[in-house]
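The values are calculated or read from the model by the stated rules, or taken from the named source; none is laboratory data. Owing to the predicted nature of the structure, the values given are computational and were not obtained by experimental measurement. Cβ sites come from the backbone with ideal geometry, for glycine too, and all protein chains shown count toward neighbours.
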C-alpha cells in the first residue's frame, strides 16, 4: 500500500498545483493515482486525512533537505549557509512548505488541524503537524547535532545553538521578503562575519 499512498499524495499535490484545495475532488485524485476511491478513503479516511498527509509529507521533505544540507561538506558556516539556502528555496518552490514555515495558510491550501488526527481503525494516528516555532526548534536541534564536534562543552554547544537559530530565522525572513544582492548565502556569511567569496 506504500506505493498507492505515494501515488495518491503525488496526485493530490498535482491537483493542488492546478486549483485551490476546496476544489480538489477525491474522485479525481483517486483516478489520477490509478486507484479506487475506496482505496483513497481506506488509506486516509477522507479529504482531511489526505490534506494532513500531504502537509506532513511537505514537512518531512523540508526536514530531510535540511539534514542533507547540514551533513554536506564544508565547515560549520558553509553547512548553515546550505541549510538557510535550502529553507528559502524550498519555501519559494512549495506553497505548503512556505505555509508551514510562516504559519500563513491561504484559502488555496488545506489548512491543517494541529491536534491528533482521526484515522481509520487499521492505521496508527500520525504525529501532530509542526507549527513554525516547532520547525525552527527541529532545525536548530538537527543543526547542533550535525555540527557539534566530539567533546564540545556546554558553552560551545550553546553558542552553536544560537548561531543555528539565527541562521534559520534569517532564512525565514528571506521567505517573507526575498533578499537582494548576495541572496541568503550573503546574509548568512555576514552573520558569520565572513566576507563574500
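Are there any pairs with C-beta distances below 6 angstrom linking a residue in region 97-108 that is surrounded by fewer than 13 Cβ atoms within 10 Å (Cβ to Cβ) to a residue that is modelled with pLDDT under 95, with the two at least 6 apart or on different chains, and if so which?
Between residues of region 97-108 that are surrounded by fewer than 13 Cβ atoms within 10 Å (Cβ to Cβ) and residues that are modelled with pLDDT under 95, the close pairs are 103/132.
Under 8 Å between Cβ atoms, which residue pairs at least 6 apart in sequence (or on different chains) link something in region 132-143 that is at pLDDT 90 or above with a partner that is outside any helix (DSSP H, G or I) and surrounded by 19 or more Cβ atoms within 10 Å (Cβ to Cβ)?
Listed by first residue and then by second, the contacts come to 138/130.
When you scan region 12-108 for helices (runs of 4 or more DSSP H) that lie fully inside it, which ones turn up with 1 or more residues that are within 29 Å of residue 143 (Cβ to Cβ) and at pLDDT below 95?
Result: 47-70, 76-93, 95-102.
I'm trying to understand the selection: among the residues of region 159-171, which are surrounded by fewer than 19 Cβ atoms within 10 Å (Cβ to Cβ) and within 16 Å of residue 86 (Cα to Cα)?
Correct list: 165, 166, 169.
Give all pairs with beta carbons closer than 9 Å in which a residue from region 20-36 that is free of Cβ contacts under 8 Å to residues at least 60 places away in the same chain and on the phi > 0 side of the Ramachandran plot meets a residue that is surrounded by fewer than 20 Cβ atoms within 10 Å (Cβ to Cβ) and in a helix (DSSP H, G or I); count only pairs at least 6 apart in sequence or on separate chains.
Going by the 9 Å Cβ cut-off, the qualifying pairs are 34/4; 34/7.
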